[in-house]
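The values are calculated or read from the model by the stated rules, or taken from the named source; none is laboratory data. The structure displayed is predicted, hence computed values, not measured ones. Note that each Cβ is placed from the backbone with ideal geometry, even for glycine, and that neighbours are counted across all protein chains shown. Accessible surface is based on the protein model in full, side chains and every heavy atom, while ligands, DNA and RNA are left aside. Shrake-Rupley method; radii C 1.70, N 1.55, O 1.52, S 1.80 Å.
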Amino acid sequence: MREKQLNPTLTTILGTPVTDTGGHVRGRIRDLAVSTGAEAGKVAGIVLKTRRGLELVPATGVRHTPSGALELRTEAEPQPLRPDNNFLLLRQDLLDRQIIDVHGRKVVRVNDIDLQWFSNGDAEKEDLRVREVEVGLRGAVRRLFKGALPDQALDALAKKIPARVIPWEFVDVIEVDPARRVKLNIEHERLAKLHPSDIADILEELPPAEREAVLTTLDEEVAAEALEEVEPKLQIAMVKGLDSEVAAGIVEEMDPSAAADLLAELPDARSEAILEEMDPEERQEVEELLEFREDSAAGRMTTEYVAVQQTATVGDGIQALRDFEGDVETVTEIYLVDEGRVLKGVVPLARMVLAKAETRLDVLAEPRFISCQTIAPQQQVAELFDKYNLRALPVLNENGKLVGIVEADHVISFLRSGR
């Protein structure tokens, strides 16, 4: 496929007159309608502002003449633009919108859109396609000075400014709703591969509608990890905007402690609605945590930990790790309990993986372990972590039963938040 030399941008093509074969102006370009799906990026239609209003003519019905003018083919006749047309309108739906630059891990604004004429040598079969999205100063300058400078001077000025672009293949429309509000994401599968903290930063930069759109396109586990990294006030606002069933699916994948902290900050009616949609097991875990004061050890603990009988072997411990449904990357210790789940010992994971499978875990247990009561103030918890250089802290009830653990991340979180 041979490329034509003239490659306009959306800014420069808007307002261009389109004539009929007799040289009479039929209208001026108001917008470009771009296909989605398999034909993504191909300009399917040109929106004209005519004496009859906004009309749409198929892109194949417009010929690009050697002089640079646009001319309607003999058989082409503009039709009224219908609001139910399943197109992405570049000016209306994309220009000035915020989108996600996955590679830069940030949110950027669309300042212009680069287009490209393609031809296979047959002028009757040329296509106009979107090449890339401009997110830098070059596009902004072109739009600012359009009409104030001759086209050639403006083009020369724009070319002196370094380009900041995102190739069109990295731009994927999630959905265009009936109000024509574009909810955009750059390859949400690529987005899902970012670190949860990076996704959280991106979510915090987006407007509410786009923020919720992106969050709901992510896998629930990824969305939960990202939501845990979001600033608390914004976290609450995001969940308030979600459907209760959708919110419940994400909250179920959160660490129970983080989920309880979040639901505790929501209005009671909203919190109850989300809990009602959760699976019974996850709901019970979170409801139990909601009974504790947020600023206590129990209020900061998670109920996701690995515990085995005190008579267990290394092989049993490894199997328990395999069966663990929480985030295995957070596990630093295995806890030994008796039949009543009273804590009897703590085994560092590093000791276990270096031992033989038949070795009893109580042989590898720390001779002394540090724990705290459920009612211990969070400041006392922080002091224990600092004094004993802990990775995790078992939380016991008044009978010595293991009910949860506080992880180092939980301590860092409440120290940073100042709560």
Looking at this structure, is Val18 buried (at least 20 other Cβ atoms within 10 Å of the Cβ), under 14 Å from Gln92 (Cβ atoms) and in contact (Cβ under 8 Å) with a residue 40 or more places away in the chain? no
Which of the residues that make up region 254-267 are more than 14 Å from Gln284 (Cα to Cα) and in a helix (DSSP H, G or I)? Ala258, Asp261, Leu262, Ala264, Glu265
Test Met278 against the stated conditions and say whether it is buried (at least 19 other Cβ atoms within 10 Å of the Cβ), in contact (Cβ under 8 Å) with a residue 12 or more places away in the chain and touching a His at 6+ places or on another chain (Cβ under 9 Å). no
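Under the condition of being aliphatic (A, V, I, L, M) and surrounded by 21 or more Cβ atoms within 10 Å (Cβ to Cβ), which residue from region 210-223 is farthest from Ala259 (Cα to Cα)?
Initial filter on region 210-223 (aliphatic (A, V, I, L, M)): 213-215, 218, 222-223.
Subset that is surrounded by 21 or more Cβ atoms within 10 Å (Cβ to Cβ): 214-215, 218, 223.
Details: Val214: 20, Leu215: 16, Leu218: 18, Ala223: 13 Å.
In this case the residue turns out to be Val214.
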Taking the conditions exactly as written (in contact with a helix residue (DSSP H, G or I) (Cβ under 9 Å, 6 or more places away or on another chain), part of a helix (DSSP H, G or I) and under 20 Å from Pro256 (Cα atoms)), does Leu321 satisfy them or not? yes
From (1) assigned to a loop (DSSP other than H, G, I, E, B); (2) within 40 Å of the chain's Cα centre (by Cα), pick out the condition that doesn't hold for Gly315. (1)
Residues being in contact (Cβ under 8 Å) with a residue 40 or more places away in the chain and in a helix (DSSP H, G or I) - total across region 380-402: 2
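Do you know which residues across region 350-379 are open to solvent by 80 Å² or more (accessible area, probe 1.4 Å), under 25 Å from Arg322 (Cα atoms) and in a loop (DSSP other than H, G, I, E, B)? Break it down stepwise before answering.
Narrowing region 350-379 to residues open to solvent by 80 Å² or more (accessible area, probe 1.4 Å): 351, 353-354, 356, 358, 360, 363, 367-368, 373, 375, 379.
With the extra rule that they be under 25 Å from Arg322 (Cα atoms), the set shrinks to 351, 353-354, 356, 358, 360, 363.
Leu354, Lys356, Glu358 - these are the residues of region 350-379 that are open to solvent by 80 Å² or more (accessible area, probe 1.4 Å), under 25 Å from Arg322 (Cα atoms) and in a loop (DSSP other than H, G, I, E, B).
Show me the strands (runs of 3 or more DSSP E) entirely contained within region 1-79 in which 1 or more residues are among the acidic types (Asp, Glu) and modelled with pLDDT of 85 or more.
On the way: elements: 17-19, 25-34, 43-50, 53-58, 62-64, 70-72.
Ranges flagged: 25-34, 53-58, 70-72.
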Pairs, please: C-beta under 9 Å, at least 6 apart or cross-chain, first residue free of Cβ contacts under 8 Å to residues at least 40 places away in the same chain and at negative phi and in region 191-206, second surrounded by fewer than 17 Cβ atoms within 10 Å (Cβ to Cβ) and in a loop (DSSP other than H, G, I, E, B)? Ala192/Asp219; His195/Arg105; Ile199/Arg105; Ala200/Glu231; Glu204/Glu231
Inside region 224-248, can you point out the residues that are open to solvent by 30 Å² or more (accessible area, probe 1.4 Å), of a type in the set (Gly, Ala, Ser) and closer than 12 Å to Leu262 by Cα? Ala237
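Suppose the filter is under 32 Å from the mean Cα position of the chain (by Cα), of a type in the set (A, V, I, L, M, F, W, C) and open to solvent by 30 Å² or more (accessible area, probe 1.4 Å); does Leu290 pass it? So that I can check it myself, show each step before the final result.
Numbers: under 32 Å from the mean Cα position of the chain (by Cα): yes; of a type in the set (A, V, I, L, M, F, W, C): yes; open to solvent by 30 Å² or more (accessible area, probe 1.4 Å): yes.
Considered against the rule, which asks whether it is under 32 Å from the mean Cα position of the chain (by Cα), of a type in the set (A, V, I, L, M, F, W, C) and open to solvent by 30 Å² or more (accessible area, probe 1.4 Å), Leu290 comes out as yes.
Would you point out the residue of region 99-122, among those that are open to solvent by 50 Å² or more (accessible area, probe 1.4 Å) and in a strand (DSSP E or B), that is modelled with the highest pLDDT? Before the answer, list the steps.
Step one: of region 99-122, the residues open to solvent by 50 Å² or more (accessible area, probe 1.4 Å) are 103, 105-106, 109, 120-122.
Pick out the ones that are also in a strand (DSSP E or B) and you get 106, 109.
Working: Lys106: 77, Arg109: 82.
This residue is Arg109.
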Residue in region 123-153 that is least open to solvent (accessible area, probe 1.4 Å), counting only those that are closer than 30 Å to Arg105 by Cα and basic (Lys, Arg): Arg142
